[in-house]
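In what follows, a single structure is set out as structure tokens and then discussed.
The values are calculated or read from the model by the stated rules, or taken from the named source; none is laboratory data. None of these values were measured; they are calculated from a predicted model. Here the Cβ positions follow ideal geometry from the backbone for every residue, glycine too, while neighbour counts run over all protein chains shown.
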Amino acid sequence: MTSPLLRVDDLHVTYSGPRGDVHAVRGVSLEVASGETVALVGESGSGKSTTAHAVVRLLAPSARITSGHVRFDGTDLATAPARRLRAVRGYGIGLVPQDPTVSLNPVTTVGRQVAEVLRIHGLADRKSAATRADEALAQAGLPDGVAHLYPHELSGGMRQRVLIAIALVARPALLIADEPTSALDVTVQRQILDHLDTLTASAGTGVLLVTHDLGVAADRADRIAVMSQGRIVEVGTPAQILHAPKDPYTKSLIEAAPSLNTSRSLVGAAGEPGALVKHGAAALNPNGHVAEAAPGRDGREAGRGRRARSWRVWREAARNERPDGRPRASPPPREPDRGRQPDHPGPRGPRPPQGVPRPAPRAAGWSARSTA
Ligand SMILES: Nc1ncnc2c1ncn2[C@@H]1O[C@H](COP(=O)(O)OP(=O)(O)OP(=O)(O)O)[C@@H](O)[C@H]1O
Ligand SMILES: [Mg+2]
């Protein structure tokens, strides 16, 4: 068996403050393989962001990793020297931070901010970095000319796409996306998550997707890790987590999830709100979320590995299908998103197979909030 791209072992993180210590992460272990999307879900304050940021050691100054290991590309990032961390950030691991409003530099054009990642890692000279920044912005779904604009001139959805371009421009092997769409309306959220899927799938990128939304996790992830009070209480495929949750906390999360309905709450006559839509082998609620365990088209259990992506196909189909099973005349209208453009393949085509060496990064990067 090949080793995972990222392996976190028994990680502990503590914040120190005037009113004492907060033991925010208490023995977290998780793995992400190349090409796999793992969702980290849990209530607010459960330690998701702290875990995600601890992976790249971009924690608040008051935080420290007290024990544990973060193994990535042959290095333990929990104890790696600052120089090694700077080489990994942006190049080996891309991060889409939780808050787009404070994550972009307000006095620099977004094109320069994307290009800076390439310059910092010695991956391009000034001219080619600008060209590749334009490409990355286009691949993130932004229109021509955006590179010359400042963050305040963009909508929230466009700023989020800029952060995605920054995170992916160097084609990292792992992307950590911390609530990448939580501040956006559902239409833009879906478009951006679709785009993220396309870009990472084409490049074989591993993704650690942090979200408080179990519906998003079930829809997007190959595996879900449920986090509560600093611990991962359960890990499984979306089907396992949604339909056979073992931990009481997972059960309560499912009950409380606004974007999910249990089959119990979905039982209703065809055409009534809450009725299940049968589409292919899957039962979908009117929001398009899988509401019953079902075999995939290839006979494997829905939710295993890439089958999760089929759910979206079914979901899209269900969206175009009336509750009585007959097709709609045309798809429901989508709200316009100024940044929407057709999907593109990854910036440099498919990622080379694992083990193929890439040029060593030459310079340092990401210094803000670093504990390194
Ligand atoms: N800078 C900080 N200083 C002190 N405590 C902090 C700091 N940041 C987070 N914490 C605490 O650490 C715990 C975990 O916070 P964290 O931000 O990781 O949660 P989260 O699961 O990402 O929550 P959310 O869904 O709201 O983003 C919480 O108790 C929080 O109050
Ligand atoms: Mg958070």
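Is it true that some residue in segment 81-89 is in the same structural domain as Arg159 (by TED's automatic domain parsing), touching a Pro at 6+ places or on another chain (Cβ under 7 Å) and at negative phi? Yes, segment 81-89 contains a residue that is in the same structural domain as Arg159 (by TED's automatic domain parsing), touching a Pro at 6+ places or on another chain (Cβ under 7 Å) and at negative phi.
Of the set (1) within 16 Å of ligand 2 (Cβ to nearest atom); (2) modelled with pLDDT of 95 or more; (3) of a type outside the set (Gly, Ala, Ser), all apply to Glu43 but (2). Taking residues in segment 56-70 that are at pLDDT 95 or above, and partners anywhere that are among the acidic types (Asp, Glu), the pairs with Cβ atoms closer than 9 Å and at least 6 places apart or on different chains are Ser67/Asp10; Gly68/Asp9; Gly68/Asp10; His69/Asp9; His69/Asp10; His69/Asp76; Val70/Asp9; Val70/Asp76.
Here's the yes/no breakdown for (1) in a helix (DSSP H, G or I); (2) surrounded by 17 or more Cβ atoms within 10 Å (Cβ to Cβ); (3) not acidic (Asp, Glu):
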residue	(1), (2), (3)
Arg83	yes, no, yes
Gly94	no, yes, yes
Thr101	yes, no, yes
Asn105	no, no, yes
Gly111	yes, yes, yes
Ala115	yes, yes, yes
Leu123	no, yes, yes
Lys127	yes, no, yes
Asp134	yes, yes, no
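For Asp76, the criteria (1) in contact with a His (Cβ under 8 Å, 6 or more places away or on another chain); (2) within 16 Å of ligand 2 (Cβ to nearest atom) hold in every case but one, which is (2). The set of residues in segment 202-237 being closer than 21 Å to Leu168 by Cα, under 12 Å from the mean Cα position of the chain (by Cα) and outside any strand (DSSP E or B) consists of Thr205, Val216, Ala217, Arg220, Ala221, Asp222.
Here is a list of conditions, (1) assigned to a loop (DSSP other than H, G, I, E, B); (2) away from ligand 2 (no atom under 16 Å from the Cβ), and Gly68 meets all of them except one; can you say which number that is? Every listed condition holds for Gly68 apart from (1). Thr79 satisfies every condition listed in (1) of a type in the set (Ser, Thr, Tyr); (2) without any contact (Cβ under 8 Å) to a residue 24 or more places away in the chain; (3) crowded, with 17+ Cβ neighbours inside 10 Å except (3). Residues in segment 176-189 that are surrounded by 20 or more Cβ atoms within 10 Å (Cβ to Cβ) and more than 11 Å from the chain's Cα centre (by Cα) were compared, and the one that is modelled with the lowest pLDDT is Leu184. Take Arg89 and tell me if it is more than 16 Å from ligand 2 (Cβ to nearest atom) and either of a type in the set (A, V, I, L, M) or in contact with a helix residue (DSSP H, G or I) (Cβ under 8 Å, 6 or more places away or on another chain) (or both). Criteria not met by Arg89. Do you know which of the residues in segment 229-260 that are within 16 Å of ligand 2 (Cβ to nearest atom) and crowded, with 21+ Cβ neighbours inside 10 Å is farthest from Gly27 (Cα to Cα)? Among them, the one singled out is Leu253.
Restricting the search to segment 97-124, which residues are β-branched (Val, Ile, Thr), within 16 Å of ligand 2 (Cβ to nearest atom) and touching a residue at least 12 places away in the same chain (Cβ under 8 Å)? Hit for segment 97-124 is Thr101, nothing else.
Checked against the criteria, Val162 does not count as in contact with an Asp or Glu (Cβ under 9 Å, 6 or more places away or on another chain), crowded, with 24+ Cβ neighbours inside 10 Å, assigned to a helix (DSSP H, G or I) and assigned by TED's automatic domain parsing to the domain that holds Pro97.
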